[in-house]
Amino acid sequence: MKKTRQNKESQADRLMRSILQPGPPTPERIQWVEARGRAFSFTLEAGLPLLEAARCGFAAEGFAGGTLNFGAGALGPLAYVMPALSKTGENAAFYSDTFRPAGTTRLKIGAMTLGERDGAPFFHCHALWTEAGGRAGGGHILPEETVVAEPFAVEAFGIDGAVFTAEPDPETNFKLFGPVPSAVAGATTTGRAFALRLRPNQDFAGALETFCRERGIASAKLRGGVGSIIGARFADGRIVEPFATEMAVRSGAIASVADGALEAELDVALVDYLGGIAEGRLKRGDNPVLMTMELVLEVLSAATRL
């Protein structure tokens, strides 16, 4: 039965929609590093650039980076871009011009990966929000220009032994975060964790299920989750047709079901390149990665060996 189910999932992968990338696909479709990690919470300090506020929170717990999830919060000023069509054909999709809404922007939900770029702290962050004038929006927050307007709490997961590092990616022709091994800093940790980057044109849920199955992981919790998928298909039947999106994972878990197979439950929020906003649980087997999906898997239990 398990073999039949896996065969059906493989057939579904071959039938999924896909987007041609400018470069050749890398044979390893999941970039990963095993590390150790720990969940904690902290408050982002008002008046600091969002990047510095996040860095300080992780540093206070002994970590150089990891992931964040957040709900209500306030930013101002805020600078962001949205997904957009590529004007040159050098990328499968691109970014819009930069938006800088006036006043204080009220966050609704978001996720962040904190790592490094060119040897300095950097983040990748997607969120949904409401601007001062009442307009609902979302997109990719720019670290250089965004400031914490009011203190707000975040849920973090620090990793020790791996770091998300921005490197050129020939397949997508972008400079993207991916996990690489790092020296162990000795931060207090509570368990195993895998830092992951999923490459394009593979189902989000299916890739995680396969990754866990191959490593004997019976259950795991997603920490963070920033990236993009090709449109969206939700479990309740809703469909997002515009192919270019920016997505944040609200929550996610992988666990065994009645027949012993693994299933991923992924609740997300996204904005598409036409400005459409959608939230909900993704349908398994029908949500391929567009450019990248970065996250940390916190291992909760291992499969029982017979």
Would you please give the residues with an amide H less than 5 Å from that of Leu85, counting only those at least 5 places away or on a separate chain, with H modeled from the backbone geometry?
Phe94
So what J values fall out for region 151-166 if you push phi through Karplus, 6.51 cos²θ - 1.76 cosθ + 1.60 with θ = phi - 60°, rounded to Hz, Gly and Pro as x?
x, 8, 7, 9, 9, 10, 9, x, 10, 10, x, 8, 9, 7, 10, 7
Any chance you could count the Lys pairs in the chain whose alpha carbons are under 23 Å apart, treating pairs 8 or more apart or on different chains as valid?
8
Using 0.36 nm per residue of separation minus the Cα-Cα distance, give me the extension gain between Arg117 and Asp259 in nm, one decimal.
46.8 nm
Given a 10 angstrom Cα cut-off, can you work out which residue in Leu51, Leu274, Leu290 is the most mobile in a GNM of the chain?
Leu274
Amide H neighbours of Asn287 at under 5 Å, excluding residues fewer than 5 places away on the same chain, with H built from the backbone geometry, are Phe204, Ala205
Applied in sequence order to region 289-296, the curve 6.51 cos²θ - 1.76 cosθ + 1.60 (Karplus, θ = phi - 60°) yields integer Hz couplings, x standing for Gly and Pro, of 5, 7, 10, 6, 8, 10, 6, 10
Got a number for carbon plus sulfur as a percent of the chain's accessible area, 1.4 Å probe?
53 percent
Phi angles of region 257-271, converted by Karplus (6.51 cos²θ - 1.76 cosθ + 1.60, θ = phi - 60°) into ³J(HN,Hα) in whole Hz with x for Gly and Pro, give 10, 4, 8, x, 6, 9, 9, 9, 10, 10, 9, 9, 9, 8, 10
Compactness relative to 2.2 N^0.38 Å, alpha carbon Rg of region 19-71:
1.65
What are the residues whose amide H is under 5 Å from the amide H of Phe174, where those residues sit 5 or more places off or on another chain and H is modelled from the backbone?
Asp169
Placing one equal point scatterer on each C-alpha of region 51-102 and summing with Debye, one gets log10 I(q)/I(0) at q = 0.17, 0.18, 0.19, 0.32 Å⁻¹ equal to -0.80, -0.83, -0.86, -1.15
What number, rounded to the nearest 500 deg cm²/dmol, is the helix-based mean residue ellipticity at 222 nm of the chain, given -39500 (n - 2.57) per DSSP H run of at least four residues and division by all its residues?
-3500 deg cm²/dmol
To the nearest Å², the heavy-atom accessible area per residue of the chain with 1.4 Å probe amounts to 43 Å²
How much length, in nm to one decimal, is gained on full extension between Val184 and Ala153, taken as 0.36 nm per residue of separation minus their Cα-Cα distance?
8.5 nm
Quick one, can you get me the convex hull of the C-alpha atoms of the chain expressed as volume per residue in Å³?
130 Å³
Please state the relative contact order of the chain as a whole percent: Cα pairs under 8 Å, 6+ residues apart?
24 percent
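The values are calculated or read from the model by the stated rules, or taken from the named source; none is laboratory data. Everything numeric here is computed off the predicted structure, so don't read it as measured data. Each accessible area value is taken on the protein alone, full model and side chains, heavy atoms only, with ligands, DNA and RNA left out. Shrake-Rupley method; radii C 1.70, N 1.55, O 1.52, S 1.80 Å.
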